[in-house]
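Data block below; observations after.
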Amino acid sequence: MTSANEIVDSHTTGVDGLYAPFELKSLHLRNRFAMAPMTRQFSPEGVPGEDVAEYYRRRAAGGVGLIITEGTYIPDPAAGESPRVPRIYGKDSLSGWRRVVDAVHAAGGAIVPQLWHVGVTRGERPDLNPEVPSVSPSGRTLDGDPLGHELSSADLDQLRQWYVDAAVDAQRVGFDGLELHGAHGYLLDQFMWERTNLRSDSYGGSIASRSKFPAEVVAAIREAVGPDFAIIYRFSQWKSNSYRARLAQTPAELEQVLTPLVDAGVDILHASTRRHWLPAFEDLAGPDGVLGLAGWTKKVTGVPTITVGSIGLDSEFTTALRTADGTAGVADIDKLLQQYERAEFDLAAVGRALISDPEWVNKLRAGRTDEFVPYDNTYRQTLH
């Protein structure tokens, strides 16, 4: 296996490129590394405390250009299931986020919140607001079983407004932009996916129709926050119940899925994968056949992209994040550099490697790769 030190020597241009500044609207980043959003439930009653501020500050001090926070619930009482997940509404939660933002800025980083609504994956008996039924486009789980409340037209109007309220509060708190969580089978993704969107109105049916509500959310947020506040949209092909699920079977379908979001005001697309280096459409031949999901996203939309998925580690998150004894060893970034040199992405989101090693970005740049800390799930279970 090639060492990261050897990568620095043999791909100097690529490594230097990852440390080049990136600027887009309200985002002014010192390099191309982002911290991927990772939920760990360290915010009792939805309020991020001083320990959360210190957690994010350490990663900013360790060299990360952009912090994307863990998912944070929008004001809908049915947004999520855990009282320990932070919220992006309410005086105490917003005050907590202001402390987080100030700490990250003082360390030289930028930060955006991830606005999150889990939809039907909240289940039947959530710990948070159990008296409130879970909601979804068609009252169906990811497996297709009936559950919860199908959103009416009036419900969609209110839901859209809750997203706007969260976005406006994020801007007021001082965040540098925002990310919408539209991946992994959560609410916005449930509208996109034909298995969970069985609606017969204008929000269901074709790919374009299934993209309509997420695009309306983006457009409403854009109108509320103005033209210069950066909007990132995270999407994925896979769902939490199926890693083989696909929103788009072909690049043409991917373009149909994403174009309405871009037209509505999305500035950056965050293409969530488990292994960033895998081809997005593996049956395609020719030079484009090697493109990952971020690469295809950039090709069909023309907007900047974020790549993510096991960067710096030798196993995907399912085996090293969700299991109690999960571990992952240090890996080189050869493939990441190759993708960057092919202009497949603009930002690289690092996840578990930053949980175990807050200084990962600075260590890579300084060639201190022998000091990288392998991932162990005990790091996820303690806030440090």
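Quick look at the values:
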| read-out | value |
| --- | --- |
| Gain in span if fully extended, Asp102 to Gln338, counting 0.36 nm per residue against the direct Cα distance | 81.4 nm |
| Label corresponding to P(r) over Cα pairs in 10 Å bins from 0, in percent when calculated from the structure given, among (1) 4, 18, 24, 20, 14, 10, 5, 3, 1, 0; (2) 5, 21, 29, 27, 15, 3, 0; (3) 5, 25, 35, 26, 8, 1 | (3) |
| Burial order of peptide ranges 251-259, 182-190, 365-373 (average beta-carbon count within 10 Å, highest first) | 182-190, 251-259, 365-373 |
| With Cα atoms, 0 to 90° folded angle of helix 91-106 axis to the chain main axis | 20 |
| Stretch gain in nm, segment Asp370-Glu282, where the contour uses 0.36 nm per residue and the Cα spacing is subtracted | 28.3 nm |
| Cut-off under 5 Å, modelled amide H: who pairs with Met35 long-range | Leu66, Ile67, Ile68, Val350 |
| Highest-first arrangement of 53-62, 108-117, where packing means the average Cβ count within 10 Å | 108-117, 53-62 |
| Whichever lysines have a C-alpha closer than 23 Å to that of Lys335, once near sequence neighbours (fewer than 8 apart) are set aside | Lys298, Lys299, Lys363 |
| Whole-Hz couplings from phi, Karplus 6.51/-1.76/1.60, listed for region 234-246; x for Gly and Pro | 9, 9, 8, 7, 6, 10, 5, 9, 7, 7, 9, 5, 9 |
| Calculated FRET value between Asn129 and Glu150, using beta carbons and R₀ = 22 Å, to 0.05 | 0.75 |
| DSSP-defined antiparallel bridges as percent of all bridges, the chain, nearest 5 | 20 |
| Most mobile of Leu66, Leu293, Leu337 in a GNM of the chain (Cα contacts under 10 Å) | Leu337 |
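Each reported figure results from applying straightforward, stated rules to the coordinates on display, with no laboratory input. Small disclaimer: the values here were computed from a predicted structure and weren't measured. Neighbour counts run over all protein chains shown; Cβ positions are idealised from the backbone, glycine included.
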